[in-house]
1. So for Met52, Met252, Met233, fewest C-beta neighbours within 10 Å to most, what's the order?
2. Enumerate by residue number the chymotrypsin sites (Phe, Trp or Tyr not before Pro) in the range 44-129 meeting two conditions: DSSP loop (anything except H, G, I, E, B), and at most 13 other Cβ atoms within 10 Å of the site's Cβ.
3. Once the Cβ-Cβ distance between Leu254 and Ala156 is put in as r, and R0 is 35 Å, what FRET efficiency do you end up with, to the nearest 0.05?
4. If you place +1 on the Cβ of every Lys and Arg, -1 on the Cβ of every Asp and Glu, and leave all else neutral, what size is the dipole of the chain about its Cα centre, to the nearest 20 Debye?
5. Taking the chain as a Gaussian network, where each spring joins two C-alpha atoms under 10 Å apart, which residue of Val297, Val179, Val216 fluctuates the most?
6. Using only the alpha carbons, work out the radius of gyration and Dmax of the range 214-326 in angstrom.
7. Work through the residues other than Asp408 whose Cβ is under 14 Å from its Cβ and net out their charges, Lys, Arg +1 and Asp, Glu -1.
8. Choose one of Leu212, Ala288, Gly135: the residue whose Cα lies farthest towards the positive end of the charge dipole of the chain (beta-carbon charges +1 Lys, Arg; -1 Asp, Glu; about the Cα centre).
Amino acid sequence: MTQADHRPDPSCASRLPTQLIHHPYQPPQDFAGPQPAVHKASTVFFENVQAMRERRWLDKSSYTYGLHGTPTTYTLEERLCALEGGLQCLLVPSGLAAIATVSLALLRTGDEVLIPDNVYGPNKTLAEGELAHFGITHQYYDPTDVADLAARITPATRLVWLEAPGSVTMEFPDLIAQVRLCREKGVTTVLDNTWGAGLAFRPFDLLGDGSLGVDVSAHALTKYPSGGGDVLMGSIVTRNQPLHMRIKLAHMRLGLGVGANDAEAVLRSLPSIALRYHAQDRAARQLARWLSTQSAVAQVLHPALPGAPGHAHWQQLCGASRGGEGLEGVAAGLFSVVIDARFGQDAVDRFCDHLRLFRLGYSWGGPVSLVVPYELSEMRSRATPHLRAGTVVRFAIGLEDPADLQADLAQALHTAFG
């Protein structure tokens with residue numbers, strides 16, 4: 001054995017505890033199976049001091065420490081790039097961590113960020129809390145009006161958040177016009193792509209010819225990529241190497257990482273994401289159409305339904321050419337309804353409480369259907385004239401049989417609203 005060779009030497013281990021730790025056996029490396037191996041490590045071994053000094057983790061050409069990547073996390077990152085059409089990917093512990101990492105990496109004191117008024121709520125509280133503490137200002141823009149976004153861009157604007165469709169109320173924006181405007185103004189765009197999931201449209205290729213796309217895609221892998229309702233994880237995908245490196249260095253300095261078993265769970269679910277996404281889409285549209293016929297429902301908010309806010313923009317981006325089997329266009333298994341204003345909050349709560357298959361709970365994308373009532377006045381800073389008066393209830397459709405879900409909705413509607 002040479003001085004530089006750090007393979008275990010059985011002759012150095014005379015006692016059992018040492019023999020168990022430094023056992024020389026190494027399994028053959030030609031094993032292959034359906035699922036990638038799970039590599040767990042904080043410490044990564046180096047062959048010699050020179051290798052320790054020369055290894056680099058920034059370009060994924062080698063390994064230095066578990067926090068910076070293992071074969072398991074590198075594999076997941078590359079497959080997520082394929083899903084969203086990106087070139088670089090970072091994993092973080094949640095979807096909100098993806099949002100926070102991007103904002104913290106790309107904004108400095110004196111900068112301004114623009115956020116759609118219907119954005120995922122914690123993005124707002126991040127801007128109002130930590131970002132404001134760091135001297136970063138923000139404005140909320142009307143996601144249904146590109147002119148309003150244009151009017152709010154100032155010389156201090158460095159980042160524009162986009163969401164398609166909006167959280168809870170499901171307005172689908174003119175994403176193409178929004179991205180084109182920001183590119184003309186030289187402002188970086190970040191899309192929360194959790195709803196689209198890389199399946200409804202291509203975030204980095206909105207026109208289909210490679211000429212227009214967002215700069216960054218933030219994705220809550222907690223939802224469709226995981227698919228089980230049992231994993232918290234997020235991703236940040238880019239196509240621009242310098243931009244990626246800015247985010248990656250911030251990611252490193254913040255000490256963000258994910259567990260190998262969680263990465264394994266997402267890797268195991270990814271092959272079925274399209275099947276699950278399209279099945280939940282079909283079921284959601286069926287139930288949304290049925291609910292539109294119910295007297296207690298004043299409005300159905302589903303971007304794939306004609307008359308829904310932003311339906312034409314959804315059709316332009318996610319229309320027939322991208323449809324799954326039996327579908328015209330692609331949409332997630334998520335929609336909301338407005339319960340008519342003649343029914344008070346107690347009646348709406350009673351409706352939600354009497355559902356048996358729909359469970360009360362946050363998130364979506366898993367096998368179990370979920371329902372949440374919302375108080376819209378606490379979530380929006382701007383008027384919403386496109387919404388009917390009443391209480392908003394959001395449904396996330398799981399993998400149950402749609403006929404059973406419809407029967408559950410029918411009995412709860414009858415109990416709560418007569």
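1. With the sparsest Cβ surroundings first, the list reads Met52, Met252, Met233.
2. Phe45
3. The pair Leu254/Ala156 has a calculated efficiency of 0.90.
4. Charge dipole, the chain, about its Cα centre: 540 debye, nearest 20.
5. Evaluated over the chain, the most mobile residue of the options is Val297.
6. 18.3, 54
7. -2
8. Farthest towards the positive end: Gly135.
Values in this text are rule-based calculations from the coordinates and carry no lab data. Remember, predicted model here, so these are calculated numbers, not experimental data. With ideal geometry, Cβ positions are generated from the backbone for all residues, glycine too; neighbour counts draw on all protein chains shown.
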